[in-house]
Amino acid sequence: MDKTTTLLLFFFLFTFLTTSFSKNLCNQDDKTTLLKIKKALNNPYHLASWDPRTDCCSWYCLECGDATVNHRVTALTIFSGQISGQIPPEVGDLSYLQTLVFRKLTNLTGQIPRTIAKLKYLRSLRLSWTNLTGPVPGFLSELKNLQWVDLSFNDLSGSIPSSLSLLPNLVSLDLSRNKLTGSIPESFGSFPAKVPDLYLSHNQLSGYIPKTLGNLDFSKIDFSRNKLGGEASMLFGANKTTWYIDLSRNMLQFDLSRVVIPKTLGILDLNHNGITGNIPVQWTEAPLQFFNVSYNRLCGHIPTGGTLQEFDTYSYFHNKCLCGAPLDSCK
């Protein structure tokens with residue numbers, strides 16, 4: 001047998017063994033569960049690769065872990081397909097799942113199933129741009145490994161569960177663009193570890209922002225387009241490292257004159273509120289890249305320096321008596 005023939009035989013044997021081994025990677029329990037999920041979603045074309053004759057670790061929308069978790073399914077990501085129905089409760093039987101995504105599925109309806117609470121390894125939950133209804137589930141607080149929660153762009157209603165503040169590893173919470181009512185939970189001023197980014201915009205939240213939030217050093221806060229009133233100055237502070245604050249289109253009423261903003265602040269939007277006072281000179285020290293205080297009740301001279309003159313009149317107009325560049329000069 002010549003050298004070329006030997007190499008060819010070795011190649012075909014390696015390919016055969018690799019293919020045979022890969023067929024056995026998928027855990028049978030996971031495969032059975034996935035086929036139930038496919039059936040519950042009416043066998044959509046989007047999941048055509050979910051063929052029971054093949055290895056489920058090779059299927060579209062899935063990821064399997066390595067040998068340390070016996071190649072169990074660790075990620076289910078169903079995105080932007082022609083899929084209708086509800087989130088199958090069987091997703092809770094994928095017991096090694098770390099990432100669960102149902103996104104941009106406008107025909108996905110119903111409530112978030114309670115069985116998700118069984119996913120003890122879950123780190124990322126993204127159920128967004130669907131037509132899910134019902135409440136934001138309090139049972140999410142049972143998932144102690146959760147880091148990212150995105151339930152935005154749905155039709156969720158009711159109040160925000162205060163128990164979400166118990167999540168010890170939370171990095172980001174996005175509940176924006178729903179129909180949530182009630183107030184921001186007081187408990188959001190006492191997250192146990194890292195302070196998460198909070199996105200609660202485009203809801204119907206009311207009441208006052210809890211003063212306890214002033215104790216935390218948030219990186220990003222977006223409470224815009226709600227019905228929040230009262231004070232918000234506690235969210236600022238010279239010693240904080242906040243980058244992004246959007247409180248626009250609420251009913252906030254406080255004096256801006258003594259508000260000291262972090263020197264890290266890059267995005268600040270306060271438009272359409274009832275904020276009074278003047279813009280402090282200290283604000284010229286921040287590296288602002290976006291700035292809007294229009295439609296308030298501000299007065300006085302716009303401080304010169306920093307980036308405040310780099311924004312156009314749209315950022316300042318419709319106030320009580322603001323003046324100076326980029327507006328008309330003060331009399």
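Computed values, structure above
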{"read-out": "0 to 90° range, to nearest 10: angle between helix 28-40 axis and the chain longest Cα axis", "value": "60"}
{"read-out": "Residues of the range 224-330: accessible area per residue with a 1.4 Å probe, Å²", "value": "45"}
{"read-out": "Gaussian network model of the chain, Cα within-10 Å springs - most flexible of T130, T304, T77", "value": "T304"}
{"read-out": "Cα-based Lys proximity count in the range 173-331, under 22 Å, for pairs eight or more positions apart or on separate chains", "value": "15"}
{"read-out": "Max mean-square fluctuation residue, GNM over the chain, Cα-Cα springs under 10 Å, options K118, K179, K320", "value": "K320"}
{"read-out": "Segment Y60-H301, length gained on full extension (0.36 nm per residue, minus Cα span)", "value": "80.9 nm"}
{"read-out": "Theoretical gain in end-to-end length, N42 to R258 [0.36 nm per residue, Cα-Cα removed]", "value": "71.8 nm"}
{"read-out": "Separation of the K120 and T284 label points, Cα + 7 Å toward Cβ, nm", "value": "5.9"}
{"read-out": "Computed over the range 224-330: relative contact order in percent, which uses C-alpha pairs under 8 Å that are six or more apart", "value": "20"}
{"read-out": "Protection proxy ranking, peptides 42-53, 149-160, average beta carbon neighbours within 10 Å, highest first", "value": "149-160, 42-53"}
{"read-out": "Rounded FRET efficiency, nearest 0.05, which uses the C-beta distance separating S162 from L327 and R0 of 51 Å", "value": "0.75"}
{"read-out": "Mean separation of Cα contacts under 8 Å (6+ apart) over length of the range 29-149, as relative contact order %", "value": "20"}
{"read-out": "Extension reserve of the F317-S187 stretch, reckoned as 0.36 nm per residue once the Cα distance is removed", "value": "43.2 nm"}
{"read-out": "Cα centroid separation, the range 168-220 to the range 23-53 (Å)", "value": "38"}
{"read-out": "The range 248-270-the range 75-144 distance, computed between alpha-carbon centres (Å)", "value": "35"}
{"read-out": "Percent RCO, i.e. relative contact order, over the chain, from Cα pairs under 8 Å lying at least 6 residues apart", "value": "7"}
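The values are calculated or read from the model by the stated rules, or taken from the named source; none is laboratory data. No experiment lies behind these values; they were computed from the predicted model shown. Here Cβ is always computed from backbone atoms with ideal geometry, including for glycine, and neighbour counts include all displayed protein chains. Accessible surface areas use protein heavy atoms only, side chains included; no ligands, DNA or RNA. Shrake-Rupley method; radii C 1.70, N 1.55, O 1.52, S 1.80 Å.
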